[in-house]
Amino acid sequence: MTPVSRTARDTGHPRLLTFDFEWERLQTWAIRQKSQPFSIAGVRCFAWSEDMSFTEHPRLLARIAGAFYLVITACALFAYLYVRGHVIVSGDMAQTASNFVAHERLYRLGVAAAVVVVVCNLPLGWILFELLKVVHPRLALLALLFITVSATIEAVNIFNYITPLFIFTMPEYRNAFQPIELQALARGPIRMFDYLFSVSLTFFGVFCGLIGFLIFRSKFLPAILGLLMMAAGATYWINSFRLFLALPIPYLPWLTLVAELSLALWLFVVGVNEAKMA
């Protein structure tokens, strides 16, 4: 509470009348700022409303989140599918070594795109927390925690992404080791990247499931998006444990892409139904 002035409209004192005039101006400003003026023992005060927060423009926030999600999707497809798929040849390390040397610039672009994915994941998680905490604040906070852990692991894993490039292109390595030895050195981080990336996606899968549940329970986003995100979360777990346990089941990439791209496009184009957020 902040005292402003004492009520003295009828005193006729010029300074007190000036205080009353300033009080009326402050009162008008306070209403615009979502605070409530009141009096205690003749002392005029302001009480600031708790709902004065970053979510005063939820549709704009949703569109910003959608933009981040689209950037994440595009950069992830480029860095993790196109670049690695173009350079790394499964079962042929000799060809892989040649590809690293021939496509060094492309692979460096992939590293940059992977960094963008990690950076954008954090504001995306925070904005979704701000939007969905009205549904269930603790679950929204838990989802924010899981995407933060996922992004941290993904950031550390960038070292495994870039290490093979150094092994195959740095003169110090090429002068110290034979080609077959270079291939053996590079194979470790190439394989380690897949496993650590799957650990990151395990945490991200929990985030998707929690966000999907919150969307499904909300009234301001389509329930079908929530169902798709919950299915995407389960798919991330299936894909990850398929690798961990060497299970003879096919990799399932398309459900996660459809779910996340659908949510990203809806947030970016439509936003949220502000009327149903109260």
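None of the figures in this text is laboratory data; all of them are computed from the coordinates on show. Quick caveat, the model's predicted, so the values are computed rather than measured. Counting neighbours? That spans all protein chains shown, and the Cβs are built from the backbone with ideal geometry, glycine included.
Each part reduced to its alpha carbon centroid, the range 55-91 and the range 169-196 end up 28 Å apart.
Got a sec? Which residues in the range 151-174 would a label at Ala112 touch, if it sits 7 Å along Cα→Cβ and we count backbone N under 16 Å? Answer for the range 151-174: 162. Amide H contacts of Lys133: none lie under 5 Å away among residues 5 or more positions distant or on a separate chain (H built 1.01 Å from N in the peptide plane; Pro and chain starts excluded).
With neighbours defined as other Cβ atoms within 10 Å of a residue's Cβ, the residues Met230, Met170 order from fewest to most as Met170, Met230.
3J(HN,Hα) along the range 232-249: 5, x, 5, 5, 4, 5, 4, 5, 5, 6, 4, 6, 4, 9, 6, 7, x, 10 Hz, from the Karplus curve 6.51 cos²θ - 1.76 cosθ + 1.60 with θ = phi - 60°, whole Hz, x for Gly and Pro.
Qualifying GluC sites (Glu not before Pro) in the range 49-125, where qualification requires a DSSP coil assignment and no more than 11 other C-beta atoms within 10 Å, comprise Glu50.
Here the contact order of the range 142-278, divided by its residue count and restricted to Cα pairs under 8 Å and six or more residues apart, works out to 23 percent. Name the shape class, rounded, prolate or oblate, that the alpha-carbon gyration tensor gives for the range 57-276, where a ≥ b ≥ c are the square roots of its eigenvalues, rounded holds for a/c under 1.5, and otherwise prolate holds if a/b is larger than b/c and oblate otherwise. Prolate, since a/c reaches 1.5 and a/b exceeds b/c.
By counting other Cβ atoms within 10 Å of each Cβ, how are Ile249, Ile190, Ile238 ranked from fewest to most?
With the fewest neighbours first, Ile249, Ile190, Ile238 line up as Ile249, Ile238, Ile190.
What the phi angles of the range 143-153 give under the Karplus curve with 6.51, -1.76 and 1.60, with θ = phi - 60°, is a coupling list of 4, 4, 5, 5, 6, 5, 5, 4, 5, 5, 5 Hz, glycine and proline written as x. With neighbours defined as other Cβ atoms within 10 Å of a residue's Cβ, the residues His136, His57 order from fewest to most as His57, His136.
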